[in-house]
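Taken together, the values in this text are just the output of simple stated rules run on the coordinates, not laboratory data. Predicted model, so just to flag it, every value in this text is computed and none were measured. Note: ideal-geometry Cβ built from the backbone for every residue, glycine included; neighbour counts use all protein chains shown.
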Amino acid sequence: MQHCSKCGKELSFDARFCASCGTPVEPQNSTGTDTYTERKQVFVGAIIKCPNCGEQIGTNTAKCPACGFVIEKRNVSASLDAFIKKLTSFTNDKAKREFIESYAVPNNKEDIRDLLNYAANQRDKDYVDDDSKAYWVDAWNNKCRQIVNQAFDTFGMDEGFSAWLKNYKAGVETSSAENEKLKKKLRAIETGKKRTAAAKKFLKGFGIAVVILAVLGGAGFGIKSCTDKRTAEKQRLAEEEKSRQQELAQLKTEVISLLAKEVTIPKNSVSLGGLLSTYCEVIGDATVTYHYDEHDYENEFQCTISGVVSVPMRLKKDFAAAYNKQYDAFIKKKV
């Protein structure tokens, strides 16, 4: 006997509605079991499309292959959120960099993509000065390189994901090369500052030594008639002069050591003037070599610091062609 599913009243065998409450009666097959009256379609997962052109894209797509639109995620993964919170809690630059470079790389593609995008964006942002840029770009490039290498080891068989990683790998190499040039430039600037400071210190010490020598020389005529007090003063001055001489010798050694090093000036920082700029062009980095010479002139100590600048250059192509043409014409005329 069949009963209403809502009010429980008995139903006749061929009833289509409950006579008591009007609820529709589900049909039964001959065995008394429920039968399906329609096919149901179930969708698993979601189809992701480009918001600009509607092209279907994958979950790891950062740039639409059809229209070039950059896909930005609205939600931050839990892994990246934890990384950012921990990173921003540091106040010391050294500790922050150690955390960046030692942070464990995630083991799934979605978190890897989020962390790599964040690291690349931090690397490419604007910095307050060149020193900060060189320091942090180096740190973020190390992290990007670590993420890419581990991702290749884990998901190297995924062609689409591997192609996406190769783009970031190329970006890391380009950024690293540019940052090395910047660090080389900063080292050259720092070396120049140290040499300038050492030269000033040397000249200052040399001037003090000359004054002391003059004072001692003037007092030397009355040595025999000096009292005990003057003798003690002379000894004190002699000790000071000896100390100054030692300091002068040390400064001289430091200056010679600094001047012995060759300074490299990047090509893009070298500019020619006058006729050279019209007919020639710089083809490489310039070098500066310093020379230190000392000699006695009329019983006076003198030193000379000179520098030699070497700039690799060549004639501009259009000027060289015109010059060769005029030279050939001149030779033919003479012959």
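Quick look at the numbers
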{"quantity": "Order by protection proxy (mean Cβ within 10 Å, highest first), peptides 324-330, 244-250", "calculated": "244-250, 324-330"}
{"quantity": "Long-range HN-HN contacts of residue 285 with modeled amide H, under 5 Å", "calculated": "267"}
{"quantity": "Amide H contacts under 5 Å for residue 48, placed H, 5+ residues apart", "calculated": "57"}
{"quantity": "Linear extension gain, residue 310 paired with residue 17, 0.36 nm per residue minus alpha-carbon span", "calculated": "95.0 nm"}
{"quantity": "³J(HN,Hα), Karplus 6.51/-1.76/1.60, whole Hz, each residue of the range 107-115, x for Gly, Pro", "calculated": "10, 10, 4, 5, 5, 4, 4, 4, 5"}
{"quantity": "Residues with amide H under 5 Å from that of residue 2, placed H, sequence gap 5 or more", "calculated": "11"}
{"quantity": "Length released on extending from residue 280 to residue 3, taking residue separation times 0.36 nm less the Cα-Cα span", "calculated": "89.2 nm"}
